[in-house]
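Colleague: I have a structure I would like to understand better, so I am pasting it below and will then ask my questions one at a time.
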Amino acid sequence: MKKILYSFLIVSSVALSAQKNPSVKFAIANDIVGTTDMFSARKSIVQSSNVYKNAAGLPQSLKKYGFLAEKGLTEVKFKNGLGGLDRISLAQLNEQYGLPENTAVVIEGYEFPDTSVKIYGDIIGSTEVKDYNGKKTLFLKVANYK
């Protein structure tokens with residue numbers, strides 16, 4: 001009985017730790033992932049933004065981010081010469097935490113299997129390495145800009 005209960009608790013904790021955070025809205029600028037809150041806090045460098053309501057409406061250049069578009073996805077364009085924000089690939093982030101470069105990264109419950117994807121460093125709020133699907137995996141919480 002204890003084994004069954006223990007197994008249930010492990011499975012439950014993995015499922016709960018990977019739940020998608022509905023309050024986080026992702027944005028893409030120059031093929032780099034950020035959040036709408038992050039760009040709202042930097043209105044002076046934003047030239048324009050275009051909100052797509054779902055994955056079906058994404059242009060070809062954003063199709064690879066379709067898994068982030070459940071609650072919509074925003075494409076941001078910077079003013080000329082601006083937008084030099086720090087960026088890092090998920091593979092580099094994995095390396096910093098002693099994980100294999102090709103290990104998927106989970107950001108607010110969204111699994112990023114392609115670790116060549118770059119994110120803006122400003123979205124990183126907190127990080128934690130946890131067991132996920134039997135592998136050590138990096139979990140990120142985004143920074144709060146509200």
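Colleague: Please go through the range 53-77 and give me each residue that is under 24 Å from Asn144 (Cβ atoms) and either modelled with pLDDT of 95 or more or not small (Gly, Ala, Ser) (or both), ordered by number.
Modeller: Quick first cut of the range 53-77, residues under 24 Å from Asn144 (Cβ atoms) only: 65, 67-76.
Once the filter is applied, which keeps residues that are under 24 Å from Asn144 (Cβ atoms) and either modelled with pLDDT of 95 or more or not small (Gly, Ala, Ser) (or both), the range 53-77 yields Tyr65, Phe67, Leu68, Glu70, Lys71, Leu73, Thr74, Glu75, Val76.
Colleague: Ok, one more. Can you tell me which residue among Ala69, Ala29, Ala56 is over 18 Å from the mean Cα position of the chain (by Cα) and not hydroxyl-bearing (Ser, Thr, Tyr)? Reasoning before the result, please.
Modeller: Working: Ala69 fails: over 18 Å from the mean Cα position of the chain (by Cα); Ala29 fails: over 18 Å from the mean Cα position of the chain (by Cα).
The conditions single out Ala56.
Colleague: Report, by residue number, each residue of the range 36-64 that is touching a strand residue (DSSP E or B) at 6+ places or on another chain (Cβ under 7 Å) and assigned to a helix (DSSP H, G or I).
Modeller: Of everything in the range 36-64, those that are touching a strand residue (DSSP E or B) at 6+ places or on another chain (Cβ under 7 Å) and assigned to a helix (DSSP H, G or I) turn out to be Thr36, Met38, Phe39, Ile45, Leu62.
Residue by residue, here is whether (1) over 18 Å from Ala143 (Cβ atoms); (2) at pLDDT below 95 holds:
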{"residue": "Thr36", "(1), (2)": "no, yes"}
{"residue": "Ser40", "(1), (2)": "no, yes"}
{"residue": "Lys79", "(1), (2)": "yes, yes"}
{"residue": "Leu85", "(1), (2)": "no, yes"}
{"residue": "Ser89", "(1), (2)": "yes, no"}
{"residue": "Leu93", "(1), (2)": "no, no"}
{"residue": "Tyr97", "(1), (2)": "no, no"}
{"residue": "Thr103", "(1), (2)": "yes, no"}
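Colleague: Related question: How about the range 67-146: which strands (runs of 3 or more DSSP E) wholly inside it have at least 2 residues that are surrounded by 14 or more Cβ atoms within 10 Å (Cβ to Cβ) and among the polar types (S, T, N, Q)?
Modeller: On the way: elements: 73-78, 87-89, 105-107, 110-112, 118-120, 124-132, 135-142.
The strands (runs of 3 or more DSSP E) meeting that bar number zero.
Colleague: Here's a follow-up. Name every residue in the range 113-137 that is closer than 29 Å to Phe78 by Cα and in contact (Cβ under 8 Å) with a residue 40 or more places away in the chain, in order of residue number.
Modeller: As a first pass, look at the range 113-137 and keep what is closer than 29 Å to Phe78 by Cα: 113-127.
Once the filter is applied, which keeps residues that are closer than 29 Å to Phe78 by Cα and in contact (Cβ under 8 Å) with a residue 40 or more places away in the chain, the range 113-137 yields Asp114, Val117, Lys118, Ile119, Tyr120, Asp122, Ile123.
The values are calculated or read from the model by the stated rules, or taken from the named source; none is laboratory data. Quick caveat: nothing in here was measured; it's all calculated off a predicted structure. Cβ: placed from backbone, ideal geometry, glycine included. Neighbour counts: every protein chain shown.
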